[in-house]
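Here the structure comes first, spelled out in C-alpha cells, and everything after it is commentary.
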Amino acid sequence: MLNKINKYVNQYINQITAISGILIALGIVFIVTGYESYKDLALIAATIIGIIPIAIRAFQALRMKVFSIELLVTIAVVGALYLNEFVESSVVSFLFLFGAYLEARTLEKTRSSIRALVDMAPQEADVIREGENLTIPVDEVVEGDRVIIRPGGKVPVDGSIVSGKAILNEAAITGESVPASKEVDDTVYSGTIVDNGYIEIIAEKVGDDTTFAKIIELVEEAQESKSKTQKFLDKFATYYTPSVVILSVIVYLITHNLHLAITFLVVACPGALVIGAPVSSVAGIGNGARNGVLLKGGEVVERLAKVDTIVFDKTGTLTKGKPEITDIKIFGNLETEELLRLVAKAETISEHHLGRTIVKEADKRNLNLEGELLDGEVIKGSGVRAQVDGYVLAVGNRKLMETDNIQINDQVAAYALQREKAGNTAIFAAVDGQVAGIFSIADQIREDAPNALAELRRNGIKKMVMLTGDNKHTAEVVANVLGLDEFQAELLPEDKVEYVKKLKEAGHVVAMAGDGINDAPAIATADIGLAMGEGGTDVSMETADVVLMADQLLQFSHAYALAKATTSNMKQNTFIAVAVVFVLLAGVLLGYVHLASGMFIHEASILIVIINAMRLIGFKSDSNKESAEPALA
C-alpha cells in the first residue's frame, strides 16, 4: 500500500511542490491583508502537503535500517508544528522539496551526453532482401543484410562497405568533428551520419552488439559507478545522520530549547556532502563521452588523475598503425611475388599490424591467397609459423629465427641492420629453414603525438616510456623524435607485463596505452589501462579502463586533464559542503541562524556544489582549446 502511495506521490511530486509553495504565498497574503485566522490554516496545509512525500521516503529508508536526510527533515517539521512555528514548518518542507526539484533538473543536464547519444540512435534501416528494397525498424536488421545509406542518413548497424563512397560524420563514435572519407572495404559504425555520398554495407554487428550501443551502455554504467570518494561519503553519511539526531537530543538536554535542537537537526543535514562527489563524477564522465573518451566510472577517474608514469606501445599507439611495405629483398630462389604470396597466406592467421600489412600488400597486387595452409601458429611477440603449399615458413623477427635455429648470414644481417637504422622494421621470411627474404615495413609517427605528450607533461606526467616488440634501432628513432624518457625494444608481451610490474613496485602510478589486443596483458596489469581507438573493438572496450574512440593521442591528454579537473572539483565540493555545515552549526549555537533560514542556506549549498560540478560539462583541455580556436589566415 505504501509503495503504491509513494509511486503516486512521485508521479505528481512537482505539482505537490507547487501547491505547497502556493499555499505559503497565500499565507503571506493573509498576513499582509490582516486575515490572520486564515494564515495558520494555509501554512498548516502547506506543511502537511509538503511533508507527506518526505515522510514516506524517510519511513521507507527506516525499513531498510537507513537514517536518511528525509528523516531529519521530517523530525524537524513535526517539531516545528508542535511548537506552533507554522511558517518555519511550511517553509522547511517546501524548500526541501524545491531543492530536490532543482537538484534533479540540474543533474539531468549533467547527463546530457547520454540523452544526446540516445537521440542519435537510428530508428529505421533501408535494406535489400531478395532484390526488394525495404524500410524496416533497426531492431529487425540481421547480420548479413545489405543496408543502404543515402546522403543525410544515419548508419543503423556496424558493417563493411561493399559499394559506393561517402563522407561520414563520426562525431557520435569518435568525438572527432572532422568528417572521414569512407570507401569499399572500410568499416562504418552505427550512429554515424553520411554527410554526402551513397554507400551500401553488409551488416556485421546489429542491435546491442553495435559499437554505438556499447558506447551508450558503457557511459551509462560509468555514470552509475562510484568513486572511492563517493563510497567513503556514502559510508560516512550512514553514521553521520544518526549522529546528528543524537547530537540534537544532547543540545536539547543541555539547553532545554526544542526550537534550537530542531534547527540544529536541519542545518546539520549532509545533503551537499552526499551529492557533491557523484555530480562531479557524472559531469566529468559526460564531458569525456562527448569528446570521444570513455572513462569507465568514478574510480577510474580518480586513479587516472593520480598517474605519474605512462607506458606506450609503439605500433598503433605512438605511430599511426598503418605501416606500409617499403621494400622486399630476396635472398633465395623464390620470385618476389611468390614469396609475398606465401608469406601473406601464412600471415592471414595473425592479428598483428605488421602481418596485416603484408596481407594488404598481397591483396593490392591481386595475388591469390587461396593456397593450402597447415599447422598455422602465432608466436606472440615473434611472428608466425605455418605450412603453405608444401613449404615450411617461419616469418617474424630475429628471436623467431634464433628459436627455430635458422641461420642469418652476414649479408642478410647487414641488410636488416641498414633497413632498421633507416627507421624500418625488418621482417625475416624463412622458407624450409633458410632465410628467403626480408620485408621492410615502415610506420609514421602520429602528427598529434608531440603536442599530446607535451600537454601530458605539463599536466603532471613525470615519466614516459615506450615498450615495443620492434627492433631497437626503429624504437630509438621514435623515442628520440618524441623525447621519451626511456624505451625498451624487442620485448614479448610477458616482458611488457614484467616491466609494468617493476614500475608499480617502484612506487609509480602507471597507465599503459596500447592497441587493446597484443598489449592486453600489460593493459590489465597497469593501474590504468588505455586502449587506442581501433574503432571501439570489443577487446579494446572490455580490456581497458579508458577507451579513445578517435584513435588520437590528444584525446588521452584531454582525458588526463579532465580526470585531474574532476577530482579537484570533487574536493572543492566536499570542502564547500563541510564549510557550510560548520558555519551553519556555529550560527545556530550563536543564535544567528534559525530554522527557515538554515534550511534555505542548506538547500543553497546543494545547488552551489551542483553548479560548481556543471562547470566540468564545458571543460576543455589545452588541446581542445587550441582546436576550438579559428585558424589564422
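Observations on the model:
- Residue within region 319-337 that is farther than 30 Å from ASN459 by Cα and of a type in the set (Gly, Ala, Ser) present: yes
- Residues of region 383-417 that turn out to be in a helix (DSSP H, G or I) and β-branched (Val, Ile, Thr), as a count: 2
- Test: ILE199 is modelled with pLDDT of 80 or more, buried (at least 17 other Cβ atoms within 10 Å of the Cβ) and either under 19 Å from GLY284 (Cα atoms) or not polar (S, T, N, Q) (or both): yes
- Among (1) touching a helix residue (DSSP H, G or I) at 6+ places or on another chain (Cβ under 6 Å); (2) crowded, with 23+ Cβ neighbours inside 10 Å; (3) more than 18 Å from ALA426 (Cβ to Cβ), the one test that THR474 misses: (3)
- LYS421 in contact with a His (Cβ under 6 Å, 6 or more places away or on another chain) and not polar (S, T, N, Q): yes
- Flag for VAL78 being among the β-branched types (Val, Ile, Thr) and under 22 Å from ALA261 (Cα atoms): yes
- Summed over region 418-461, the residues that are over 40 Å from the mean Cα position of the chain (by Cα), part of a strand (DSSP E or B) and touching a residue at least 40 places away in the same chain (Cβ under 8 Å) give a count of 7.
- Residues that are among the aliphatic types (A, V, I, L, M) and more than 44 Å from the chain's Cα centre (by Cα) were ranked within region 75-97; the one that is nearest to PHE30 (Cα to Cα) is VAL87.
- A count restricted to region 183-193 and to residues that are part of a strand (DSSP E or B) and either touching a Ser or Thr at 6+ places or on another chain (Cβ under 9 Å) or more than 19 Å from MET549 (Cβ to Cβ) (or both) stands at 2.
- Among helices (runs of 4 or more DSSP H) entirely within region 467-566, having at least 2 residues that are of a type in the set (D, E, K, R) and at pLDDT 85 or above singles out 493-505.
- GLU372 satisfies every condition listed in (1) at pLDDT 90 or above; (2) more than 42 Å from the chain's Cα centre (by Cα) except (1).
- The single residue among THR174, THR187, THR135 that is in contact with a strand residue (DSSP E or B) (Cβ under 6 Å, 6 or more places away or on another chain), at negative phi and modelled with pLDDT under 85 turns out to be THR187.
- Matching residues in region 416-445 - criterion: being basic (Lys, Arg) and crowded, with 20+ Cβ neighbours inside 10 Å: ARG419
- Lone unmet requirement of (1) surrounded by fewer than 24 Cβ atoms within 10 Å (Cβ to Cβ); (2) modelled with pLDDT of 85 or more for LEU318: (1)
- SER160 surrounded by fewer than 19 Cβ atoms within 10 Å (Cβ to Cβ) and either at pLDDT 65 or above or in a loop (DSSP other than H, G, I, E, B) (or both): yes
- Unmet criterion (only one of (1) of a type outside the set (Asp, Glu); (2) at pLDDT below 90; (3) surrounded by fewer than 23 Cβ atoms within 10 Å (Cβ to Cβ); (4) in the same structural domain as HIS508 (by TED's automatic domain parsing)) for HIS353: (4)
- Condition check for LYS571: surrounded by fewer than 17 Cβ atoms within 10 Å (Cβ to Cβ) and either under 18 Å from ILE285 (Cβ atoms) or modelled with pLDDT of 80 or more (or both): yes
- When region 333-350 is limited to residues that are more than 14 Å from ASP389 (Cβ to Cβ) and not charged (D, E, K, R), the one that is surrounded by the most Cβ atoms within 10 Å (Cβ to Cβ) turns out to be SER350.
The values are calculated or read from the model by the stated rules, or taken from the named source; none is laboratory data. If you're wondering where the values come from, they're calculated on a predicted model, not measured in any experiment. Glycine also receives a Cβ, built like all others from the backbone with ideal geometry; neighbour counts cover every protein chain displayed.
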